Amino acid sequence: MSQGRRLVGWVTFAFVVGCGGRHEPVAPAPKVVLAPEKPVEATEPGLFPLPAWDGDAGRGTGATWSMLDGLVKAKSVVLLGESLHVTTEFPRVRLPILRRLHEQLHFDVVAVEGSMVDAWLAQDDLLRAPKMDAAAVEEASRTGWLTLWNTAAMREVLDYVARTGGRERLYFASMDIQPGMGGTPIKKAVMRRFIERVLEYAGEPDAGATAEKLSATLDPLRTCGGEQPAPPERVDAVAKVVRAIRGADPKVRAVLPMHADALALVPTMLDERLHHCSEILGPGGKFAPNEYWRNYKEARDRYQAANVVALRDKVSRSHRVVVWGHHSHLGYRAAGARASVSISGVLRDRLPGETYALGLFAGAGSYLRVQDGPRDNISRVDVSAPGDPCCRGLDALRGLSSSPTGYLLDLALAQGNPRVSFAKERLGYPLEGDGVPAVLADEFDGVLFVPRISAATLE
């Protein structure tokens, strides 16, 4: 089946999203008051040493991070990538950036890889939590994003998001289309919990039993298993969930208008997943192992890009969104992955001049490599050593600065600097454990580099 084509007889969904309404009367989260800080100056065109960002130093969004303002002030979508997963430092170096984007530049939605359903349920849990404490944030993190982000450092990110509120709210969302993706019992139960929650808002008297039946029918959406294209009973179950979402809208909107607008995007996401699970098959609708990953990723990223635009236009009050994900999705040309489509690439074509993609690399240390599928395993891996033929691009990044905190390199400002000429060459860079060839300037607008990382504990 061709990409983007809709199957005859499948349900399509139209849902009117209201973007108006008042924010709920919750006092803004208290801001950290810092002494005046001196802005970080570039040591050469486009090269900014990073201010201290670990521990308490990462809590501020003072003038030390003001170099971001000029880079993204005209952008409506900022994409914060990572070349490797399961580290302590990669979430922490991006947290003060997220704070700056939110508190000073008014980005008010952060969208992560995973699933729109999972993130909505996690945000709803946080809104309903009787007490905003570590336990509430931990539970939401286990629901809200990919299982490989269940680390203490990533919970610090969600803790910050959860403690914003009122007109200062940063809304937690996802653009992704993989409901309940992951092998843990919590993730497997996400669809049932989501449907039950929506039915409760809609006033369904037997929400639990109804959710149990519908989620059992929809379980193949988790892994694209079962019969493909979707049989009528699966399509009908989606239609029933969509009707429940319509019925839930008034009560959800009374809690938080943004939350209702985010829920109103779920019908489209469910429709996307129905089609996605058939689009990834090979010629003639047959499973083709050699084509599966590429087909899966490219179709998924087209849908994710469309959902980023919907979050920007229909959920964000400032129409500015931060996207958090892996380089294979956030590099403009998939960062060397064996694919030709990425979220950022689609967005750049659709929103010219409005995106800023920031790559993230490390010079040394270790991380956890998580492989799923037929070879499920988790292994501790070291960053490629200097001189490794796989990663000459990483060697070039290592040589740019000796700043102990790392640096931010804006590739447009650095044009003409002979020390950054490597960014236009096809060199090897790490991509989740492999060295892959890429042209850095074709992939990102900017690069974050930290000297050393350490593997986080995956919980």
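The values are calculated or read from the model by the stated rules, or taken from the named source; none is laboratory data. Fair warning: this is a prediction, and the values are worked out from it, not measured in the lab. Glycine gets a Cβ as well: all are built from the backbone with ideal geometry, and neighbour counts include every protein chain shown.
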With respect to Arg426, determine if the residue is farther than 23 Å from Arg94 by Cα, of a type in the set (D, E, K, R), in contact with a strand residue (DSSP E or B) (Cβ under 6 Å, 6 or more places away or on another chain) and modelled with pLDDT of 95 or more. yes
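Listed here are the residues, each with its yes/no results for (1) free of Cβ contacts under 8 Å to residues at least 40 places away in the same chain; (2) surrounded by 24 or more Cβ atoms within 10 Å (Cβ to Cβ); (3) acidic (Asp, Glu); (4) under 16 Å from Arg312 (Cβ atoms).
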residue: Ser76; (1), (2), (3), (4): no, no, no, yes
residue: Leu84; (1), (2), (3), (4): no, yes, no, no
residue: Asp118; (1), (2), (3), (4): no, yes, yes, no
residue: Leu146; (1), (2), (3), (4): yes, no, no, no
residue: Ala162; (1), (2), (3), (4): yes, yes, no, no
Being farther than 14 Å from Glu113 by Cα and of a type outside the set (Val, Ile, Thr) is the filter here; which residues of segment 162-186 pass it? Ala162, Arg163, Gly165, Gly166, Arg167, Glu168, Arg169, Leu170, Tyr171, Gly183, Pro185
Are there any pairs, at least 6 apart or on different chains, whose C-beta atoms fall under 6 Å, with the first in segment 395-408 and without any contact (Cβ under 8 Å) to a residue 60 or more places away in the chain and the second assigned to a loop (DSSP other than H, G, I, E, B), and if so, which? Asp395/Pro386; Arg398/Gly363
Tell me, which residue of segment 207-259 that is more than 24 Å from Thr184 (Cα to Cα), surrounded by 15 or more Cβ atoms within 10 Å (Cβ to Cβ) and of a type in the set (D, E, K, R) is farthest from the chain's Cα centre (by Cα)? Lys240
Could you say which residue among Thr143, Thr184, Thr164 is over 23 Å from Leu311 (Cα atoms) and hydroxyl-bearing (Ser, Thr, Tyr)? Thr184
Those residues that are of a type in the set (D, E, K, R), under 23 Å from the mean Cα position of the chain (by Cα) and assigned to a loop (DSSP other than H, G, I, E, B), I need them from segment 369-405; list them, please. Asp372, Asp376
Just give me the residues in segment 121-148 being in a helix (DSSP H, G or I) and at pLDDT below 90, in sequence order. Thr147, Leu148
Just one of the numbered conditions (1) modelled with pLDDT under 75; (2) of a type outside the set (Val, Ile, Thr); (3) more than 25 Å from the chain's Cα centre (by Cα) is not true of Pro45; which one? (1)
What's the total number of residues in segment 432-444 that are crowded, with 22+ Cβ neighbours inside 10 Å and closer than 24 Å to Met154 by Cα? 1
Residues in segment 165-201 that are surrounded by fewer than 21 Cβ atoms within 10 Å (Cβ to Cβ) and either in a loop (DSSP other than H, G, I, E, B) or on the phi < 0 side of the Ramachandran plot (or both) total 12
Of all residues in segment 191-218, count the ones that are free of Cβ contacts under 8 Å to residues at least 60 places away in the same chain, closer than 14 Å to Asp118 by Cα and of a type outside the set (Lys, Arg). 3
Restricting attention to segment 291-302, does a residue exist that is closer than 19 Å to Asp410 by Cβ, more than 15 Å from the chain's Cα centre (by Cα) and surrounded by fewer than 23 Cβ atoms within 10 Å (Cβ to Cβ)? no
Residue check, Leu408 against (1) crowded, with 22+ Cβ neighbours inside 10 Å; (2) hydrophobic (A, V, I, L, M, F, W, C); (3) not in a strand (DSSP E or B), all met but one. Which one? (3)
Scan segment 351-378 for residues that are of a type in the set (Gly, Ala, Ser) and in contact (Cβ under 8 Å) with a residue 40 or more places away in the chain and jot them down. Gly353, Ala357, Gly359, Ala362, Gly363, Ala364, Gly365, Ser366
All but one of (1) in contact with an Asp or Glu (Cβ under 7 Å, 6 or more places away or on another chain); (2) of a type in the set (Lys, Arg); (3) without any contact (Cβ under 8 Å) to a residue 24 or more places away in the chain hold for Arg426; state the number of the condition that does not hold. (1)
Got a sec? Which of Gln371, Gln415 is among the polar types (S, T, N, Q) and either over 27 Å from Phe48 (Cβ atoms) or touching a helix residue (DSSP H, G or I) at 6+ places or on another chain (Cβ under 6 Å) (or both)? Gln371
Only one residue in Arg392, Arg348 is surrounded by 12 or more Cβ atoms within 10 Å (Cβ to Cβ), free of Cβ contacts under 8 Å to residues at least 40 places away in the same chain and under 27 Å from Arg320 (Cβ atoms). Which one? Arg348
All but one of (1) touching a strand residue (DSSP E or B) at 6+ places or on another chain (Cβ under 9 Å); (2) closer than 30 Å to Asp382 by Cα; (3) at pLDDT 95 or above hold for His85; state the number of the condition that does not hold. (3)
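Residue-by-condition table, conditions (1) in contact with a Cys (Cβ under 9 Å, 6 or more places away or on another chain); (2) small (Gly, Ala, Ser); (3) within 28 Å of Val72 (Cβ to Cβ):
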| site | (1), (2), (3) |
| --- | --- |
| Leu126 | no, no, yes |
| Ala135 | no, yes, no |
| Gly144 | no, yes, yes |
| Glu156 | no, no, yes |
| Arg169 | no, no, yes |
